[in-house]
1. Given DSSP loops and a limit of at most 11 other Cβ atoms within 10 Å, what is the longest stretch of the chain that contains no such GluC sites (Glu not before Pro)?
2. If the elastic network links every pair of Cα atoms under 10 Å, which of N60, N298, N193 fluctuates the most in the Gaussian network model of the chain?
3. How many angstrom lie between the C-alpha centres of the stretch 206-279 and the stretch 316-346?
4. Taking every DSSP beta bridge with both residues inside the chain, roughly what % is antiparallel (nearest 5)?
5. Report the paramagnetic label zone for K95: residues of the stretch 1-33 whose backbone N is under 17 Å from a point 7 Å from Cα along the Cα-to-Cβ axis.
6. By how many nm would the segment from Y83 to D335 lengthen if fully extended, with 0.36 nm per residue of separation less the alpha-carbon distance?
7. List the lysines whose Cα lies under 25 Å from the Cα of K153, skipping any in the same chain that are fewer than 8 positions away.
8. Tell me the carbon and sulfur percent of the accessible area for the stretch 59-209, rounded to whole percent, probe radius 1.4 Å.
Amino acid sequence: MHIVFVTAFFTKNKQQPLSGMPRYIYKTASLLQKCGHDTEIIAGSTDDRTWKYKNVKVHNAEWSGALEGTAVRISSAIIRREYAMQKKLREIDLKYPIDIVQYAGWSGTGFMHSLRCPAVLRLSTYSKIQYSQSDLFRNGIHVYSFWERIAGKRAEGIITPSKVIGDCFGKDIKRKITIMETPYSSDDVVEDNSVYQKILKTKRYLLFYGTFSKDKGIEIIGEMLSLLFKENTELYFVCAGWDVKTESGSAVQKLRKRLGEYKDRMIYLGTLDQGALYPIIRNAECVLIPSLIDNLPNACLEALSLDQIVIGTYRSSLEQMICDGINGFLSEPGDPYSLLDCVKKVLCLTAEQKKSMIANNRKMMKRYAPDAVTKKLLRYYRWLMERTRGYHYGENSNCFMGHRKSI
């Protein structure tokens, strides 16, 4: 099959580590290549060029505008972006017919789908839900959500990793949403323990890594740490990832100020690639992901795959990966005292209890094994193509065996 992934944004730098939606897109495109399929990426960009991120071809679709301001201004920018990406899609389709397009569902990506082949919308987010507690995109939430619903109504199929997001989106557009897990594997990561050895080797620490936004629970972490550090004089808080601007400066500065006299026990490492991050994850007391709402975050899969204990939250999508007391712990969203209670439980675990949790983690992670998830996604593609456009496949083949019927 010739499969094209379309996203509102992607990295512009071959050396830059990927996170979130771009990371999922690259990983899935790469896995599908290993199954014998041809995959490409179209990304909204400020330039127009074709290049390669590792083994996957990326087509930048140039557009200008900003997704901020009034509803009219945001909508106008979204329409210009979608027009540019559809133009790029048609150019590719003319040279090499596309069998299926998967859109990364954010701010209406895919609502102008113009090819005859089926469109799959993967809910990378539903702004109405995921950004309701966020400092990011605050002014555009309702506009993004409107165009996301339009894209959902136009797509032949909709998939999502998160039941919480999927249930709400499906209810709003009156469509069935299919749960499709995120594939995860750390096999291609070369670890570099230099940062860990230099800064953290002699320290006991809790770890947070990701985006320092309100919806990720960073403010709740700050409140919890103020309580914890009064009782525990040994622990440090280590954090890494993307700082977020706030009215008073940045989220990292705000967190450090919140800790007051304990600010020296916070260590911010900036953004790190996976190779440098893995030893830090592996040696933490636990990983904190107290999201108010989330979309089955890669950070959780990453930590669980490294035999780490994760503290997540109920009703945030993290409960799909964590069973409280079995392979990690769940706190109440927005409750620093509940989070503190979970941290104390982790610190009191015996070696035998940790071993049992790690074993349960490994069993759970089989659901996210690349082979299993890729096969499930391909079955979904075939079902959708046969149902909507009359595609035909060999019964035991991973490759496209037929042709597109004329319409």
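The values are calculated or read from the model by the stated rules, or taken from the named source; none is laboratory data. Note that the structure is a prediction, hence the values are computed from the model and not measured. When we count neighbours, we look across all protein chains shown, and the Cβ atoms used for this are built from the backbone with ideal geometry, even at glycine. Note: areas computed on protein heavy atoms with side chains; ligands, DNA, RNA excluded. Shrake-Rupley method; radii C 1.70, N 1.55, O 1.52, S 1.80 Å.
1. 1-233
2. Of N60, N298, N193, the Gaussian network model singles out N193 as fluctuating most.
3. Answer, in whole Å: 18.
4. 10
5. It comes to 2-6, nothing else.
6. Between Y83 and D335, full extension yields 86.4 nm more.
7. Hits, sequence-local ones excluded: K87, K88, K128, K163, K171, K174, K176, K376, K405.
8. On the stretch 59-209, the fraction of accessible area on carbon and sulfur atoms equals 53 percent.
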